[in-house]
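The values are calculated or read from the model by the stated rules, or taken from the named source; none is laboratory data. If you're wondering where the values come from, they're calculated on a predicted model, not measured in any experiment. Reconstructed Cβ throughout: ideal geometry from the backbone, glycine too, with neighbour counts over all protein chains shown. Quick note on the areas: whole protein, heavy atoms, side chains included, nothing else; ligands and nucleic acids left out. Shrake-Rupley method; radii C 1.70, N 1.55, O 1.52, S 1.80 Å.
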Amino acid sequence: AGSGAVAVALPIETTTAAITDRTVSSLGINERIGTATTDFSGSPTNRVHNITNGVKYLSGLLVQPGEEFSTIEALGEIDDKTGYLPELVIKNNKTIPEFGGGLCQVSTTLFRSVLNAGLPVTARENHSYRVIYYERGIGPGLDATIYDPKPDFRFKNDTSGWILVQGSVSGNQLTFELYGTSDGRVSRI
């Protein structure tokens, strides 16, 4: 009394995750089925921030058998309230700053991991002009631009098990790994 401290009772609701270490084996997530890494060296600070921020929205997502995955839907709102900063984007053949500039590094890397897994791509567009970040180590033509609501990068899980999407940033490199059940398919680019 007299110190200004007030005791407050907070209601707590405990929920169990839908996917746990006990249930994950039933989903068919047994091995890595695809991976890709891209290099974004030389990117401005805001671009690096947006790449790292975008990866956190996609990492840990599960795609059930038969489901079509939408990068735009998975990312959700792309604005300052979801942690994005203004950075250059290509819009109407012009390069202008908008929230989320750099997210195409995320969609491009995910696209390449999907290609390497041999999964069907259901929606994908390249940029309206060449961007060096997407050509390093692979050459032109294997990028995937996104802009809400479209273009979007989409793929379908046509495997018998669920697919786990895992993304990470280390230094100036972005990696996506897809985990699921291999059915023996081979992809060549």
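What does the C-alpha gyration tensor say about the overall shape of the chain? Classify as rounded when a/c is under 1.5, otherwise prolate if a/b is larger than b/c, or oblate. It would help to have the intermediate numbers written out before the result.
Details: a/c = 2.23, a/b = 1.20, b/c = 1.86.
Oblate is the answer for the chain, as a/c is 1.5 or above yet b/c matches or exceeds a/b.
For SER70, SER187, give the ranking by accessible area with the largest first, probe 1.4 Å.
Numbers: SER70 5, SER187 45 Å².
Ranking SER70, SER187 by accessible area, largest first, yields SER187, SER70.
Order ILE138, ILE72 by their accessible area, 1.4 angstrom probe, all chains in place, largest first.
Details: ILE138 75, ILE72 15 Å².
Accessible-area ranking of ILE138, ILE72, largest first: ILE138, ILE72.
Heads up, I need the accessible area for THR16: 1.4 angstrom probe, whole protein in place, Å², nearest 10.
120 Å²
Hey, if you put +1 on the Cβ of every Lys and Arg and -1 on every Asp and Glu Cβ in region 48-189, which of SER59, GLY83, TYR133 ends up farthest toward the positive end of that dipole?
TYR133
Give me the percent of accessible area attributable to carbon and sulfur for the chain, probe 1.4 angstrom. Mind showing how you got there, number by number?
Working: 5360 of 10580 Å².
The value for the chain is 51 percent carbon and sulfur by accessible area.
For the chain, give the magnitude of the charge dipole about the Cα centre (Cβ charges: +1 Lys/Arg, -1 Asp/Glu; no others), in debye to the nearest 20. Write down the numbers at each step before the final one.
Working: 16 positive and 20 negative charges, 92 e Å.
It works out to roughly 440 debye.
Can you give me the accessible area per residue for the chain, using a 1.4 Å probe, in Å²?
Numbers: 10580 Å² over 189 residues.
Per residue, the chain has an accessible area of 56 Å².
With only Lys, Arg, Asp and Glu charged, each at its Cβ (+1 for the first two, -1 for the last two), find how big the charge dipole of region 103-189 is about the Cα centre; round to the nearest 20 debye. Spell out each step's value before the answer.
On the way: 9 positive and 8 negative charges, 33 e Å.
It works out to roughly 160 debye.
Find the relative contact order for the chain and round it to a whole percent, using C-alpha pairs within less than 8 Å whose residues are 6+ positions apart.
Values: 371 pairs, mean separation 62.9, N = 189.
Relative contact order comes out at 33 percent.
Ordering ARG154, ARG188, ARG47, ARG130 by how much accessible area each has at a 1.4 Å probe, largest first, what is the list? Present the calculation step by step, with values, prior to reporting the outcome.
Numbers: ARG154 55, ARG188 205, ARG47 15, ARG130 165 Å².
Correct descending sequence by accessible area is ARG188, ARG130, ARG154, ARG47.
What percent do you get for the relative contact order of region 115-189 when only Cα pairs under 8 Å and 6+ apart count?
Reported as a whole number, the value is 33 percent.
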